[in-house]
1. Which whole-number percent is the relative contact order of the chain (Cα, under 8 Å, 6+ apart)?
2. Hey, can you grab everything whose amide H is under 5 Å from the amide H of SER30? Only 5+ residues off in sequence or another chain; H modelled, so Pro and N-termini drop out.
3. Can you list the residues, at least 5 places off or on another chain, whose amide H is less than 5 Å from the amide H of ASP151, using H built in the peptide plane?
4. Percent antiparallel among DSSP beta bridges with both residues in the stretch 40-197, to the nearest 5?
5. Rule-of-thumb check for the stretch 128-209: C-alpha Rg over 2.2 N^0.38 Å?
6. Evaluate the distance, in nm, between pseudo-label points positioned 7 Å from the Cα of GLU207 and of CYS155 along their respective Cα→Cβ axes.
7. Can you compute the label reach from GLU94? Point 7 Å from Cα along the Cβ direction, backbone N cut-off under 15 Å, restricted to the stretch 25-54.
8. Given H placed 1.01 Å from N in the peptide plane, which residues other than close sequence neighbours of ARG2 have an amide H under 5 Å from its amide H?
Amino acid sequence: MRAILLGAPGAGKGTHAVGISNHYDIPHISTGDLFRENVGNNTPLGQEAKTYMDKGELVPDELVIRLVEDRLSRPDVENGFLLDGFPRTIPQAEALWEMCEKNDMQLDAAIDLEAPYELIEKRIVGRRSCPECGKIYNIYFQPPKEEGICDVDGCKLVQRADDNEETVKTRFQVYQEETEPLIDYYKEKGILRSFDSTKPIEEVQEEVFEAFDK
Ligand code: AMP
């Protein structure tokens, strides 16, 4: 399966990406994670991306497209991929469509996760993750057994630099202006599937599998 995950920040893309990529045995490619990796390693790309990420703004299209083009040229995407957080603008979506056509690949699904702003805000501000195993928690909805500590490996949980009340509003506004138009874009392409992401994780996951297992 070749799919992309659509949805506002905090709609559950990262959470569902893990289950979906395991179920279909395809690599989970998160542009946000790739940028954070570059920021952590202080690469020139990371330094440039950080100036936008810290403000909750989008990194310019050319940089993101180049990053994805490079990632999709690796052999592990031969049997499919799940893109999380890309595309986020119409030019990115058009670039991805062209990349796929050029490589004789077809995009099968745009999985749209829907959630209202009030929920998204709490999900983002309360989000914590394990730097070691990547497990995502939420201090309001899904706290770890021991405060601030990962249930799986006992590591100290961390909060993303851009997961705060100041940037959440900007990120949501950017989503509405730049990314929401992709819903119509993929509807027209005939591959959009929307899911109610206010439901419990397992329920949404089951609905996704039911839709694509056939
Ligand atoms: P995410 O982890 O997907 O929420 O991404 C974190 C940040 O990385 C975003 O707020 C953007 O600054 C940047 N970013 C990730 N993916 C993209 C993209 N497709 N286009 C532009 N910026 C992106």
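1. It rounds to 29 percent for the chain.
2. ASP84
3. Under 5 Å from the amide H of ASP151: LYS145.
4. Of the beta bridges lying entirely in the stretch 40-197, close to 55 percent run antiparallel.
5. Dividing the Cα Rg of the stretch 128-209 by 2.2 N^0.38 Å gives 1.41.
6. Between GLU207 and CYS155, the simple spin-label model gives 3.1 nm.
7. It comes to no residues whatsoever.
8. Close amide H contacts, sequence-distant or interchain: PHE81, ASP108, ALA109.
No lab work stands behind these numbers, since they all come straight from the coordinates. Given the structure is predicted, the values throughout are model-derived calculations rather than measurements. Cβ: placed from backbone, ideal geometry, glycine included. Neighbour counts: every protein chain shown.
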